[in-house]
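Presented below is the structure to which this report refers.
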């Protein structure tokens with residue numbers, strides 16, 4: 001069982017905020033990675049001071065569907081998380097991932113400090129291009145706020161799985177790709193599935 005974030009010393013928790021299309025996909029992938037304490041689906045990067053699924057889905061708030069990732073930097077680095085991020089979504093399509101279209105589905109990294117900004121920019125140039133041939137359109141912007149998504153969006157793939165065709169055809173292939181490319185980075189309970 002994952003310990004409460006409040007019980008973990010501050011120097012053992014770092015935060016990343018990433019958008020790679022539908023937050024269900026990014027959440028499902030990163031929840032399986034060793035060193036990640038928690039992945040929360042939500043909204044970030046918009047102009048409105050609040051965000052919920054209905055308003056963000058309109059595309060008018062300019063928020064993106066993102067995940068807020070709380071991780072142990074002693075176990076997994078921000079750079080390693082970004083490598084997984086690049087390999088499991090398509091950062092060459094502007095404001096879309098597959099059939100999900102609109103600015104809320106953009107590829108984005110919201111950096112929390114200058115070190116993350118530098119790592120993200122370097123990773124975009126040097127790592128993303130190892131996985132994708134086209135120009136990388138991922139936005140790299142300062143983090144300005146995060147609004148957790150509604151409860152039914154949290155742990156979606158874990159709770160719903162292949163009972164939803166979207167999960168079967170969109171999320172499961174991303175999870176399988178993670179397991180194939182990064183078996184050594186998986187939490188123990190996911191290594192033998």
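The values are calculated or read from the model by the stated rules, or taken from the named source; none is laboratory data. All values reported here derive from a predicted model rather than from experimental measurement. In this analysis, Cβ positions are derived from the backbone assuming ideal geometry, glycine residues included, and neighbour counts consider all displayed protein chains.
Taken over segment 136-153, the criterion of being part of a loop (DSSP other than H, G, I, E, B) and either over 18 Å from residue 15 (Cβ atoms) or in contact with a strand residue (DSSP E or B) (Cβ under 6 Å, 6 or more places away or on another chain) (or both) is satisfied by 136, 137, 138, 143, 146, 149, 150.
The requirement of being closer than 22 Å to residue 24 by Cβ, crowded, with 16+ Cβ neighbours inside 10 Å and more than 15 Å from the chain's Cα centre (by Cα) is fulfilled nowhere in segment 151-165; no residue meets it. On inspection, residue 123 does not qualify as in contact with a strand residue (DSSP E or B) (Cβ under 9 Å, 6 or more places away or on another chain) and in a strand (DSSP E or B). Please determine, by comparing only the residues of segment 104-146 that are buried (at least 20 other Cβ atoms within 10 Å of the Cβ) and closer than 19 Å to residue 60 by Cβ, which one is nearest to the chain's Cα centre (by Cα). Step by step, filter segment 104-146, then rank; the result is 108. Just so you know, in segment 1-48 the residues that are part of a helix (DSSP H, G or I) and surrounded by fewer than 19 Cβ atoms within 10 Å (Cβ to Cβ) include one that is farthest from the chain's Cα centre (by Cα), and it is 7.
Candidates are the residues of segment 1-44 that are without any contact (Cβ under 8 Å) to a residue 40 or more places away in the chain and touching a strand residue (DSSP E or B) at 6+ places or on another chain (Cβ under 6 Å); the one that is farthest from residue 65 (Cα to Cα) is 2. For first residues located in segment 142-171 and without any contact (Cβ under 8 Å) to a residue 12 or more places away in the chain, partners that are surrounded by fewer than 18 Cβ atoms within 10 Å (Cβ to Cβ) and outside any helix (DSSP H, G or I) and lie 6+ apart or on another chain with Cβ distances below 8 Å do not occur. Sort through 71, 78, 131 and tell me the only one that's at pLDDT 95 or above and over 19 Å from residue 44 (Cα atoms). None of the others qualify; the one that does is 131.
Kindly indicate whether residue 168 is within 21 Å of residue 108 (Cα to Cα) and either over 14 Å from the mean Cα position of the chain (by Cα) or surrounded by 14 or more Cβ atoms within 10 Å (Cβ to Cβ) (or both). Here the answer is no, as residue 168 does not meet what is asked. Taking the condition modelled with pLDDT under 95 and on the phi > 0 side of the Ramachandran plot, does residue 161 pass? Yes: the conditions hold for residue 161.
Exactly one residue out of 48, 10 is more than 23 Å from residue 159 (Cα to Cα) and in contact with a helix residue (DSSP H, G or I) (Cβ under 9 Å, 6 or more places away or on another chain): that is 48.
Taking the conditions (1) surrounded by fewer than 24 Cβ atoms within 10 Å (Cβ to Cβ); (2) in contact (Cβ under 8 Å) with a residue 40 or more places away in the chain; (3) farther than 20 Å from residue 137 by Cβ in turn, residue 51 satisfies each one other than (1). Scanning segment 26-55 for residues that are at pLDDT 95 or above and over 25 Å from residue 118 (Cα atoms) yields 28, 32. Counting the residues of segment 45-82 that are more than 23 Å from residue 31 (Cα to Cα) and out of contact with any strand residue (DSSP E or B) (no Cβ under 7 Å at 6 or more places or on another chain) gives 12.
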